[in-house]
Amino acid sequence: MRLVFFDIDETLFETYAKINVIKDGNIIKQLSNKEYNTYTLKDGEYFEYSEFKSSSLFKQSKPINNIINSLKDMYNRGCEISLLTARSDFDDKDSIIDFFNSYGINVGHYKDKKIHIIRCGNEPGAPAQRKYDVINNILKKRLDIKEIVVIDDSTTNLSAISKINISKKLYKVIDNKMIEFIWKGLNEWVN
C-alpha cells in the first residue's frame, strides 16, 4: 500500500498568511512561507504563527491547479492521500472543509476513503521534525503501508523525511511544478 502526503502552503495553494518573527515581545519581521523555509532565527527570536489559524485568510489562497490536478488524479486512481501541513487547527473547520471540497479535494477521514488533513502545528518542535514524527507514527500503526510519496515545497522538510526508513519518493514543488527530490546530504539535493 502506498500513502501519498501533500503539503498545503505553497504546494497546493499559494497562501498569504505571514509568520511573525518575535524578539523582546515585539514583531520585528513578517515572513512569507517561502522566506520562512530558509530563515534562521537569531538570538532571542522566535516564530509566531497566529495568521495560520485564520480560515478567512486561508480561503483567499490561490490554487496551484496543476498540483491539485495531480492530487485528484492520484485520488481517483485509488491512492490514499493525506494533506500534511505544519499548520495547527483552523478557527473555522467547517469552512475549510467546504473550501477544499470546492476544489474537488474530498476531505474527511481516511477510514471513509477521503483525504485526511493532518495538522502538525499542535505539536512542539520545528516543522520538519514534526512532519517526520507524524509520518513515523503513522507507519508504526499502519503496517500495511509499504511506500510513501511526499510532495512539499520545503527542502528542510523533505530532507528530514528522506531519513525515514521506508521506500519513498519525494517531490519538491518549485515554480508550481513537482520535481523529484534526491537528497545528497550536506545541504544539497539533486533535481
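The values are calculated or read from the model by the stated rules, or taken from the named source; none is laboratory data. Here the structure is a predicted model, which is why all the values come from computation and not from measurement. Here the Cβ is made from the backbone with ideal geometry for all residues, glycine too, and neighbour counts use every protein chain on show. These area figures cover heavy atoms from the full protein model, side chains too; ligands, DNA and RNA do not enter into them. Shrake-Rupley method; radii C 1.70, N 1.55, O 1.52, S 1.80 Å.
Scanning residues 5 or more positions from Gly108 or on other chains, those with amide H under 5 Å from its amide H are Ile115, His116, Ile117, with H placed 1.01 Å from N in the peptide plane. Rolling a 1.4 Å probe over the heavy atoms of the protein chains gives the chain an accessible area of 53 Å² per residue.
Computed 3J(HN,Hα) for segment 7-15, one whole-Hz value per residue from the Karplus formula 6.51 cos²θ - 1.76 cosθ + 1.60 where θ = phi - 60°, is 6, 9, 5, 6, 10, 9, 9, 7, 10, glycine and proline marked x.
Annotation: amide H of Phe181 within the under-5 Å range of Leu170, Tyr171, Lys172, sequence separation 5 or more or interchain, hydrogens built in the peptide plane.
How much mean residue ellipticity at 222 nm does the chain get from its helices, if each DSSP H run of length 4 or more adds -39500 (n - 2.57) and you divide by all residues, to the nearest 500 deg cm²/dmol?
On the way: 6 runs with 52 residues, N = 191.
Per the formula, -7500 deg cm²/dmol.
Coupling constants for segment 17-25 follow from the phi torsions by the Karplus curve (6.51 cos²θ - 1.76 cosθ + 1.60, θ = phi - 60°), and in residue order they are 5, 10, 9, 8, 9, 10, 9, 6, x Hz; glycine and proline get x.
Full extension of the chain between Leu41 and Gln129 gives 30.1 nm of extra length, using 0.36 nm per residue less the Cα-Cα distance.
What is the percent carbon and sulfur in the accessible area of the chain, measuring with a 1.4 Å probe over the protein chains and ignoring ligands?
Of all accessible area on the chain, carbon and sulfur atoms account for 47 percent.
Among the trypsin sites (Lys or Arg not before Pro) within segment 18-127, those in coil by DSSP and having at most 14 neighbouring Cβ atoms inside 10 Å are Lys42, Arg77, Lys113. Spatially, segment 135-167 and segment 66-101 are offset by 18 Å when compared through their Cα centroids.
Modelled this way, with points 7 Å down the Cα-to-C-beta line, the labels at Ser167 and Ser54 are 4.4 nm from one another. If you count Lys pairs in segment 1-125 whose Cα atoms are under 16 Å apart, skipping same-chain pairs closer than 8 places in sequence, the total is 13. Dipole orientation for segment 11-170: of the candidates Ser102, Ile118, Ser167, Ser167 has the Cα lying most toward the positive pole (charges on Cβ; Lys, Arg +1; Asp, Glu -1).
Taking a spot 7 Å from the Cα of Arg2 along the direction of its beta carbon, which residues of segment 89-114 have an amide N less than 20 Å from it? Under cut-off, by backbone N: 105-106, 110-111, 113-114. Between the entries (1) 11.0; (2) 12.7; (3) 14.1, the label attached to mean projected area of the Cα convex hull in nm² calculated for this structure is (1). What is the sum of charges, Lys and Arg at +1 and Asp and Glu at -1, for the other residues whose Cβ falls under 14 Å from the Cβ of Met74? Residues close to Met74 contribute a combined charge of +3. With a simple spin-label model that places each label point 7 Å from the Cα along the Cα-to-Cβ direction, the separation between Asp91 and Lys23 comes to 2.8 nm. Per-residue 3J(HN,Hα) values for segment 80-90, derived from phi via the Karplus relation 6.51 cos²θ - 1.76 cosθ + 1.60 with θ = phi - 60°, read 7, 10, 10, 9, 10, 10, 7, 5, 8, 5, 7 Hz in sequence order (x marks Gly and Pro).
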